[in-house]
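J.: Below is one structure. I have some questions about it.
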Amino acid sequence: MSIYKPVITPESRLTSLGFELPDAPDAVSNYAPLVQSGSIVYTSGQLPWIDGELKYGGQLGQGGERSDEDGYQACRLSALNAVAQLKKHLGELSRVKQIVRVEGVLNVKCDSRWTGQPKALDGASDLINAVFGEQGRHSRMVNSNSAMPLDCTSLIYIYAEVE
Amino acid sequence: MSIYKPVITPESRLTSLGFELPDAPDAVSNYAPLVQSGSIVYTSGQLPWIDGELKYGGQLGQGGERSDEDGYQACRLSALNAVAQLKKHLGELSRVKQIVRVEGVLNVKCDSRWTGQPKALDGASDLINAVFGEQGRHSRMVNSNSAMPLDCTSLIYIYAEVE
Amino acid sequence: MSIYKPVITPESRLTSLGFELPDAPDAVSNYAPLVQSGSIVYTSGQLPWIDGELKYGGQLGQGGERSDEDGYQACRLSALNAVAQLKKHLGELSRVKQIVRVEGVLNVKCDSRWTGQPKALDGASDLINAVFGEQGRHSRMVNSNSAMPLDCTSLIYIYAEVE
């Protein structure tokens, strides 16, 4: 009988969920993708892209180009890039003690009165909760803008407390 | 002659002002209403509701459904819910050392060019200053969005330094 | 031969760049322009004004009153006011250990689908990088709103880690 017990890490949970971490993207301009101050790491906005190719552009809400489901997927991919930034900075994601705050900015048609923000942001929250477990329990902020850099559908920011 | 001196607490100031703390609402989706990291507590967005009933929905600015006075009242009620979150987390509000930051997101008609944000946000700031006194002295951020979760008029977020 | 070596400070860099720090403006309402909690200083939103005179008002994006270059200049002036707040609070800007986060909120025409945010925000980032050098390396957040206090073109917020 084997006494081998696999160590469950955020990385192994990502793999189990079928996700592969993309390369951590560079910032799109004259700033840093991530800064640590004391035990808190602050990421800059992460776009829903892979290898520089924007997977989700355009707007949510009536008259927009994107469905509510697209909003969920865009937030999930943006969050995956935020996790990639943490991985690059920390080496091991198990060094994350707590995801403190997740901020989402969504691209929403300006006169649509759309109210799908919570479900769209769950694309980020569900991923973070699944990957980090109890350490993923986070507060959340949402903004809806009608103009976005690169016309991207979502930007996700993370504050993380780290070892 | 009595030497009894009443202890002035944030809770007693709330009572003096005629406010009753609502129950701290749950988050509207897959995240936490509040997270503490080190000595800082970050709340998620608080809506202007009581017992799940939205008291202030709709937009500010010309063409919107809400007056500037409604905006002030909405921010005050959102802030009261943020204080309720702190109370639930801390037990005693006197454990707040400093309200560090108040963030307000307002629901504003998209082409109104409305400029009433500072007065509306004062609904939150006035309450916090009155309840916490010198410990209530806070920095402030404002955003105006033309789409909001539940079409609520205001969302208020607090960063608080706690004992 | 002189062994005099000039000490390079953020203040001397500002002078070399031809900037003069304006007086740190008061908050426009019932809150503080800046709050320190632990080693982090959080500024409130800084407008693009000098001595109470708004230098950049109006909107960016097609149909707006302001050019992309105006957006860059507005962000630079807003950031200069944020630096003035730090100077007033700290006495010496060399007490800044790290500019942790720069948040910019831009006034953007609501249906313009404008995508000039990164270049506009560089007005703030370029100044901060030039003044603080390695200590200026910051994460960044951007929001585009179609209504702003005083109809200003930009608001810049800074989180700074200080000695």
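J.: Quick check: anything in region A:72-95 in a helix (DSSP H, G or I) and exposed (fewer than 15 other Cβ atoms within 10 Å of the Cβ)? Quick ask: steps written out before the conclusion?
T.: First, pick out the residues of region A:72-95 that are in a helix (DSSP H, G or I): A:72-90, A:93-95.
Retained after the next criterion (residues that are exposed (fewer than 15 other Cβ atoms within 10 Å of the Cβ)): A:88.
Checking region A:72-95: at least one residue is in a helix (DSSP H, G or I) and exposed (fewer than 15 other Cβ atoms within 10 Å of the Cβ).
J.: Can you pull out every residue in region B:33-47 that is buried (at least 22 other Cβ atoms within 10 Å of the Cβ) and in a loop (DSSP other than H, G, I, E, B)?
T.: B:SER44, B:GLY45, B:LEU47, listed by residue number.
J.: Output the residue which, of all residues in region C:122-144 that are under 18 Å from C:GLN59 (Cβ atoms) and either facing chain A (nearest Cβ under 7 Å) or at pLDDT below 95 (or both), is nearest to the chain's Cα centre (by Cα).
T.: Within region C:122-144, the match that is nearest to the chain's Cα centre (by Cα) is C:VAL142.
J.: When you scan region C:149-160, do you find a residue that is surrounded by fewer than 24 Cβ atoms within 10 Å (Cβ to Cβ), modelled with pLDDT of 95 or more, more than 14 Å from chain B (Cβ to nearest Cβ) and not in a strand (DSSP E or B), even just one?
T.: No, that holds for no residue.
J.: In addition: Give just the number: which of (1) free of Cβ contacts under 8 Å to residues at least 40 places away in the same chain; (2) touching a Phe, Trp or Tyr at 6+ places or on another chain (Cβ under 7 Å); (3) over 19 Å from B:ILE99 (Cα atoms) does C:SER12 not satisfy?
T.: The number of the failed condition is (2).
J.: Quick check: is even one residue across region A:72-90 more than 11 Å from the chain's Cα centre (by Cα) and without any contact (Cβ under 8 Å) to a residue 40 or more places away in the chain?
T.: Scanning region A:72-90, I find no residue that is more than 11 Å from the chain's Cα centre (by Cα) and without any contact (Cβ under 8 Å) to a residue 40 or more places away in the chain, so the answer is no.
J.: Would you tally the residues in region B:96-121 being at the interface with chain C (Cβ under 8 Å from one of its Cβ atoms) and part of a helix (DSSP H, G or I)?
T.: Looking only at that region, the number is 4.
J.: Scan region A:110-140 residue by residue and report those that are surrounded by fewer than 24 Cβ atoms within 10 Å (Cβ to Cβ) and within 22 Å of B:CYS152 (Cα to Cα).
T.: A:ASP111, A:SER112, A:ARG113, A:THR115, A:GLY116, A:PRO118, A:LYS119, A:ASP122 - these are the residues of region A:110-140 that are surrounded by fewer than 24 Cβ atoms within 10 Å (Cβ to Cβ) and within 22 Å of B:CYS152 (Cα to Cα).
J.: Kindly indicate the residue of region C:48-71 that is in contact with a strand residue (DSSP E or B) (Cβ under 8 Å, 6 or more places away or on another chain) and assigned to a strand (DSSP E or B) and also nearest to the other protein chains (Cβ to nearest Cβ) among those meeting that condition.
T.: Here the answer is C:LEU60.
The values are calculated or read from the model by the stated rules, or taken from the named source; none is laboratory data. Not measured: the values here are computed from a predicted model. Cβ sites come from the backbone with ideal geometry, for glycine too, and all protein chains shown count toward neighbours.
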